[in-house]
Structure formats: C-alpha cells, structure tokens
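The values are calculated or read from the model by the stated rules, or taken from the named source; none is laboratory data. Note that the structure is a prediction, hence the values are computed from the model and not measured. Backbone-built Cβ (ideal geometry, glycine too); neighbour counts: all protein chains shown. In case anyone asks, the SASA skips ligands and DNA or RNA and just uses the protein heavy atoms, side chains included. Shrake-Rupley method; radii C 1.70, N 1.55, O 1.52, S 1.80 Å.
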Amino acid sequence: NLYFSQMRCDCRYSNMQVFQKSSDNKSLVDMIKEAGKLRLEHGLGNAWCIFNPHDIELSPKELQESRALAAKKRVALAYTNPGIEFWFYLHFAILDTPFRSREDASEALRRYIPEYRLGSRFLKGQGSDLYMKLFTNKAQAVLHANRFNMLFGDRVGMSGPRLDYSCTIPKLLKD
C-alpha cells in the first residue's frame, strides 16, 4: 500500500486512489467486495485488489473461484508472491528459480538497495523515496516479471504464471 501511495504522489498519478484494506477483510472475497464498494462510492472506473496470496493463505482454486466475483464487481486482481519485494527485485534482475520467502527476496534486493528492510517502517522512513529509485527500471521490471512468469509456468508444464511464485503487477501498470 505504501509503495503504491508513493507511486501516486511521486509520479503524479492524479487519477489513482490508494485505499488500505480494512482489517476485517481476511479473504480475497472480502477484499473484492470492499474494492467494488469503494469503486462505486468514489465513482471510479475500475479498481484493483493487490495482494500476496501467501499472506491471505489463498489457494489456486480459491483464486480461480474469486475471479468471477471480481469480474462482476469490476475489480481487477494483481498479486506478487512471495511478496512485494519480489516485484522490487525484478527492477534489477530476473531469477531462474523463485524465492522461497519474502525474507529471501529482501536479502537479494539488498544487493541493489543496501538499506532496504522488510516492512512498512522502512517505507515510512528511509525508503520513502523507494518508488523513485525503482522508477527508471520499471520497463525492465515488467519484462522480467513477464519472462519469469512465462519461464516458470512452462517449466512445470503449465501455461501462464503459477499462483505460488509469480508476479502479475505488470497488468496493473497497463491499466
């Protein structure tokens, strides 16, 4: 949420509004319903739920089942797993195997941003300009994410990104 708030402020996305999910919403279905409600209340043309499947203990089956509700509510879905740090890392490099955890992604990211720390405290303080540090590499991150999703999906005999380790943030950036 803080990263996307930085994106809105730093790059003058005047048509973008960022809302934090309410603490009552523990499931993707709840988040979709809340995003749909906010979209209507604020007169927005579209809304996005951005989430980490691991954080809400979401299975691939639950994601598939939630997509119909999201389409009905005009809410798009984007996720990055094992965490937003994976998306940040893709601004600098691509992997041929996924990170096992957010901590692994954070550690790898520190090769490029030594001061990076996992958690909102960093983004509120020393990392308040993180979006601008990453901005110049955004196109590279999109290419890396798309390539990683394609490679990883193909390697396990699937078409498209797997839920367990993938990043669909590039879909959001096209909107």
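Summary of values
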quantity	calculated
Area accessible to solvent at Arg74, 1.4 Å probe radius, in Å²	130 Å²
Approximate spin-label separation Ala71-Asp96, in nm, with each point projected 7 Å along Cα-to-Cβ	3.7 nm
Cross-link partners of Lys37 among lysines (Cα-Cα below 18 Å; sequence separation of 8 or more within a chain)	Lys21, Lys26, Lys72, Lys73
Accessible area of Asp96 in the full protein assembly, 1.4 Å probe (Å², nearest 10)	110 Å²
For segment 127-136, 3J(HN,Hα) per residue [Karplus equation, 6.51 cos²θ - 1.76 cosθ + 1.60, θ = phi - 60°, Hz, x = Gly/Pro]	x, 5, 10, 4, 4, 5, 5, 8, 3, 5
Listed residues Trp87, Trp48 arranged by accessible area, highest first, probe 1.4 Å	Trp48, Trp87
Whole-percent carbon and sulfur share, accessible surface of segment 47-109, 1.4 Å	50 percent
Solvent-accessible area of Glu41 with every protein chain in place, 1.4 Å probe, in Å² to the nearest 10	110 Å²
Estimated inter-spin distance, Met150 and Arg117, nm [label 7 Å along Cα→Cβ]	3.9 nm
